[in-house]
Amino acid sequence: MNPLTGALKYLGSGLFNTILALAFFVIAAHYTTPAFVGKVAIIQLLEVITSLALVLLPQQLVTRDIAEEVGVGRPDNELVGTVLALSLMTTPAFLMLLFFPEYVWLAIPYLILYLYSTYQGTVMSGRGKFTEANIGYVIFSTSRWGLSLIAVVYHSIFMFILIWTLGTFARVIYQQATMGTSSFSFSREKFTDTFRVGLPLYLSNVSNLFASQGDRISTAFLLGSYSLGIYQLMVLIAGVPNTIVNSLTGALLPAATYYKSKGQDLLRMSSMVFRLMLMLSVISAIISIAIAPPVVVNFFSQYVPGIPSLELLLFALLIATPFGALVNFIVIVKKGFRPLLVLSVLDALLVIVTSIILIPRIGIFGAAISQATVQGVYAAYIITLAQREGAFKMGTVELLSIFSIITLVIIPISWIASLIAYLVLIKVLRILRKDDLTVIDYFLPKRFKFIIKILRPLAN
């Protein structure tokens, strides 16, 4: 259960997915219209709804419990069997899609497979099978963004859905064969106990649908599929660096749970993760805000009106990422999830209200402002909650880490100056410690030891 090896594997699959997705949208922008991209966005929205509303046992809770049972040497078959069986028991919910346009209800088989593969990935992550989980993700990405280019060339949304369905089926087959001992034995008692504990977290995840997608839902309703297509592409581009940075936390919850069960200090783990993630997020924000607009101008000329929204989204999504990583530690301490439910409801209401107010006045930039506002509230709430729950301690070095974000104001003048200023602050403010490097060096595979050489000049 090596957290850094797992993180690097998730990073690798995340980069692979990102490269394919960028290639897909470059070609899609050439061969199709924003309206086609808007239909793709609707299918992706259905994915999000599936992974949040129909996953009745929250992934965070299942991952934590499986990792804990692995850590103390208890069998996890009862929980795994319940989780896998549950994914099949909830599939009748997809029948409601029969009342929507043809391309939507044709996606039902894909969404069923997507739901099951989501549960599979949760089980594999909890068991520390990071290699197998990421190979499954690579299979999924290859069909999702690679093979689906055939459908783009033929302008066929139906062929597009067929390719996604077949690719997800291949992923399910592979993951089922490699995930280890499993069954479909549903335990009502196990389900009831887990669902009761995780109900606030489940409701929080459902509410997060509106918090994370409310700006896009409002854009589609108020401005139509053309504007949604432009905004969706800006969101996807803004999500590229965020996805890459966030992929490093893919193994965080199971690994941190595992080592906590072995007696390791949770506060030390959360502090180091927060500071390292913040460093990566700020550096990524500086570089991304510098290079993303020229990318849009040169490769997506129809989408140039979305550049202001893109710049704001890049900043908001990346800076919120390290705060989101702290949610894993809140889950680990097992002190209840009701505060997370309060946050998700607050964010959902905030994004809907601000979108309704701003989008009719300033278009898709209003949607970006709405999402940025939600991300700011989210970050402030999470760091406060993490301290209150005993999952994180705000010391001097953590406070200075947050203060260092101020260097981003230099970006409009010179992104290179902003980057240099931030690196200097890391050194001067002693944000990165030598004992952090010791921990990183312990877990880091030999072929990645060069990372220590890069970080050492910044450490104190």
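The values are calculated or read from the model by the stated rules, or taken from the named source; none is laboratory data. Remember, predicted model here, so these are calculated numbers, not experimental data. Glycine gets a Cβ as well: all are built from the backbone with ideal geometry, and neighbour counts include every protein chain shown.
Residues in the stretch 397-437 that are within 13 Å of M272 (Cα to Cα) and among the β-branched types (V, I, T): V397, I431.
The residue that is farthest from T396 (Cα to Cα), counting only those in the stretch 263-283 that are touching a helix residue (DSSP H, G or I) at 6+ places or on another chain (Cβ under 6 Å) and surrounded by fewer than 20 Cβ atoms within 10 Å (Cβ to Cβ), is L280.
Could you list, in sequence order, the residues of the stretch 177-226 that are aliphatic (A, V, I, L, M) and out of contact with any Asp or Glu (no Cβ under 8 Å at 6 or more places or on another chain)?
Our first condition is that a residue be aliphatic (A, V, I, L, M); within the stretch 177-226, this holds for 177, 179, 197, 199, 201, 203, 206, 209, 211, 217, 220, 222-223.
Once the filter is applied, which keeps residues that are aliphatic (A, V, I, L, M) and out of contact with any Asp or Glu (no Cβ under 8 Å at 6 or more places or on another chain), the stretch 177-226 yields A177, V197, L199, L201, L203, V206, L209, I217, A220, L222, L223.
Per the listing R74, R64, the residue uniquely basic (K, R) and either outside the structural domain of T32 (by TED's automatic domain parsing) or surrounded by 21 or more Cβ atoms within 10 Å (Cβ to Cβ) (or both) is R64. Would you check if F24 is surrounded by 15 or more Cβ atoms within 10 Å (Cβ to Cβ) and either among the hydrophobic types (A, V, I, L, M, F, W, C) or within 18 Å of Q213 (Cβ to Cβ) (or both)? Taking the combined requirement at face value, the residue satisfies it. Scanning the stretch 357-380 for residues that are in contact with a Phe, Trp or Tyr (Cβ under 9 Å, 6 or more places away or on another chain) and surrounded by fewer than 18 Cβ atoms within 10 Å (Cβ to Cβ) yields one hit, A380. Just one of the numbered conditions (1) farther than 28 Å from S141 by Cβ; (2) in contact (Cβ under 8 Å) with a residue 24 or more places away in the chain is not true of R74; which one? Of the numbered conditions (1) farther than 28 Å from S141 by Cβ; (2) in contact (Cβ under 8 Å) with a residue 24 or more places away in the chain, the odd one out for R74 is (2).
I'd like to check something: does the stretch 428-443 contain any residue that is outside any helix (DSSP H, G or I), within 23 Å of F315 (Cβ to Cβ) and without any contact (Cβ under 8 Å) to a residue 12 or more places away in the chain? Among the residues of the stretch 428-443, not one is outside any helix (DSSP H, G or I), within 23 Å of F315 (Cβ to Cβ) and without any contact (Cβ under 8 Å) to a residue 12 or more places away in the chain, which makes the answer no.
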